Amino acid sequence: MVFGWGKKKNDDKQEESALQNKTIHLPDVLKVVTELCKLRESQTLSAIKNLRDQTAPLIDDLIKIGSVLEKDNLNVDDIDKHLAIIVVRGKNQVIDVIKKDVSSLPKINSINDAKKLNSTLNQILKKVGDVLGRQTRVIHIFAKKYAAQLKENLEVMNTNYSEIHKILKNFDATKFTSDEILDMVNQIKNLKTDRIEHSKKIIDTNTSLESLSEKITSLEKSIEQIKSSDAYKSYINLKNELDVFSAQKSKIKNEIDSQFTKISRPLSRYEYASSLDKDQKNILSKLVEEPFDVLLPSNKDPIIVILENVRKGINSGAISVKDVDKTSLQITETEECLDGFVNQVSEFFEKYNLMENKMNSLRPVDLNSLENEFAKNLSLKDDFEVKSKTIQDEINDIDSKIPRLISEIEKKLKKFSNTSYTISSS
């Protein structure tokens, strides 16, 4: 356990009972976290400075060993010359690494300095450890007087490095936790701002809903007042009569369609084969598609001309039919019915227009605009109700998120310090 930051399992209950309990306001969390971070940084730097100061003399010893070893010929003159070459090469490799890679440790004034120390020490141990590993037989056999000191120095240096690395790792974990806490505090701050804005929106929306409801009620009364009047009742009665009368159109139309269907084939062929002016083409097209629409007094003579031209085309063979005599007879029959059809259509439209004009004269002038306004406001009310519900759901979501975030902050603060904090969000 470093500086009391970690926990041993058998200490959990004891530490839990020793925790202080404290209530703070949410804005005070920043101050608590900042102070704790400063304390942890100070403790971290103090501990690493001590470890650095313990390690620095070992680095100096390592450099001194390299200097002494460089001057020591290891009595290679007394051994086989081939073995002597291997020993000298191994000795030189150790000396080169010490000269090149073993350097003084940086002073510790900041966390960055501590991280630099951690990196520097790691590199020294790695380089020296690697070369001594490769040359272990040379050192232990031909440089025994250096081996023990090197081993002892490196063991202490490794222990100190491991402790420095562990302390920095704990500090990084502490810093990460503090950043998480501060991020959650900012989240709560933003959520509270959002809630204020949402509350204003829902007030405005509900005010608009009240206004719309009043307007809709007023429009309903106005429409109801109009619809309860004698004039409107007369209008409805006449409208119903007109609907009943409109059914006569189907009867007349069916009778006309039945007659013109008999000559629809030659009429269609004449339409494609003839060169008529624009008005005649329009009349002919309607006679084929919807004869009812063109059986007007003004079109009677052009229709007869068209029918006679069709007859001529049949007789001349320009328009082919199965039975010339029968088709000619059907054209004659159609011409004979033409006056009756035109009169029926004219009488229908005359009476229909008369009833329609009378009905329109009785229709209240403001009813259409009132009903349109009523429908528009009903639609607006639906939109505002959906908007109000959406905003309220977002407020409810915020109200559930804030307590969860506060609870999470309390848990992290408890791990972060030796105090159990209760946070008041008010």
Item to check | Volume per residue of the C-alpha convex hull in region 230-363, rounded to whole Å³ | outcome: 98 Å³
Next on the checklist: If the elastic network links every pair of Cα atoms under 10 Å, which of Asn282, Asn122, Asn357 fluctuates the most in the Gaussian network model of the chain?
Outcome noted: Asn282
Item to check | Base-10 log of normalised Debye intensity for region 116-227 (one unit scatterer per alpha-carbon) at q = 0.11, 0.12, 0.23 Å⁻¹ | outcome: -0.68, -0.73, -1.17
Checklist outcome for this item: For Lys227, counting only lysines whose alpha-carbon sits under 17 Å away and dropping same-chain residues fewer than eight positions off, the answer is Lys239
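Stick to the Cα atoms of the chain, pair each with every other, and give me the Kirkwood hydrodynamic radius in Å at one decimal. Don't jump to the answer; show the numbers that get you there.
Numbers: mean 1/r = 0.0293 Å⁻¹.
So the Kirkwood estimate lands at 34.2 Å.
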Item to check | Cα gyration tensor shape of region 284-365, rounded if a/c is under 1.5, else prolate or oblate by comparing a/b with b/c | outcome: prolate
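Please go through the residue pairs Lys64/Lys116; Lys38/Lys99; Lys281/Lys326; Lys192/Lys415; Lys169/Lys192; Lys201/Lys376 and name each one whose alpha carbons sit more than 29 Å apart in this structure. List each step's numbers first, then the result.
Working: Lys64/Lys116 23 Å; Lys38/Lys99 38 Å; Lys281/Lys326 25 Å; Lys192/Lys415 26 Å; Lys169/Lys192 35 Å; Lys201/Lys376 22 Å.
Flagged as over cut-off: Lys38/Lys99; Lys169/Lys192.
Tally Lys/Arg at +1 and Asp/Glu at -1 over every other residue whose Cβ is under 13 Å from the Cβ of Asp96; what's the total? Spell out each step's value before the answer.
On the way: positive: Arg89, Lys91, Lys99, Lys100, Lys127, Arg134; negative: Glu70, Asp101, Asp130.
My count for the surroundings of Asp96 gives +3.
When Rg is the radius of gyration of the Cα atoms in region 218-296 and Rh is its Kirkwood radius, what does Rg/Rh come to?
Working: Rg = 21.6 Å, Rh = 16.1 Å.
My calculation puts Rg/Rh at 1.34.
Given an 8 Å cut-off on Cα distances and at least 6 residues of separation, report the relative contact order of the chain as a percent. Could you put the intermediate results ahead of the total?
Working: 316 pairs, mean separation 112.7, N = 426.
Relative contact order comes out at 26 percent.
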Item to check | With Cα atoms, 0 to 90° folded angle of helix 264-273 axis to the chain main axis | outcome: 70 degrees
Checklist entry - Measuring from the lowest to the highest alpha carbon on each principal axis, how far does region 322-399 reach, largest first, in angstroms? => result 91, 42, 7
Next on the checklist: Output wanted: per-residue J couplings in Hz (rounded whole) for region 362-372, from phi through Karplus 6.51 cos²θ - 1.76 cosθ + 1.60, θ = phi - 60°, x for Gly and Pro.
Outcome noted: 8, 5, x, 4, 8, 4, 4, 5, 5, 5, 5
Item to check | Distance (nanometres) between label positions extended 7 Å along Cα→Cβ at Ser162 and Lys22 | outcome: 3.5 nm
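When the convex hull of the C-alpha atoms of region 28-177 is computed, what volume per residue in Å³ does it have?
Values: hull volume 13.4 nm³, N = 150.
Per-residue hull volume (Cα only) is 89 Å³.
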Checklist entry - Tell me, what is the FRET efficiency for Ser379 and Ile203 to the nearest 0.05, using R0 = 25 angstrom and their Cβ-Cβ distance as r? => result 0.65
Item to check | Gaussian network model of the chain, springs between alpha carbon atoms under 10 Å - residue of Gly313, Gly129, Gly90 with greatest fluctuation | outcome: Gly313
Checklist entry - What FRET efficiency would be calculated for the residue pair Asp61, Ile86, taking the C-beta separation as r and a Förster radius of 35 Å, to the nearest 0.05? => result 0.85
Next on the checklist: Using only the alpha-carbon atoms, how far is helix 111-134 inclined from the longest principal axis of the chain? Give it as 0 to 90 degrees, nearest 10.
Outcome noted: 60 degrees
Checklist entry - If you project the alpha carbons of region 274-426 onto their three principal axes, what span does each projection cover, largest first, in Å? => result 117, 46, 26
Checklist entry - Relative contact order of region 28-177: what whole-number percent is it, with Cα pairs under 8 angstrom and at least 6 residues apart? => result 34 percent
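Every number here is computed from the coordinates shown, using simple stated rules; none is lab data. Note that this is a predicted model, so its numbers are computed, not measured. As a convention, Cβ positions derive from the backbone with ideal geometry for all residues, glycine included, and neighbour counts pool all protein chains shown.
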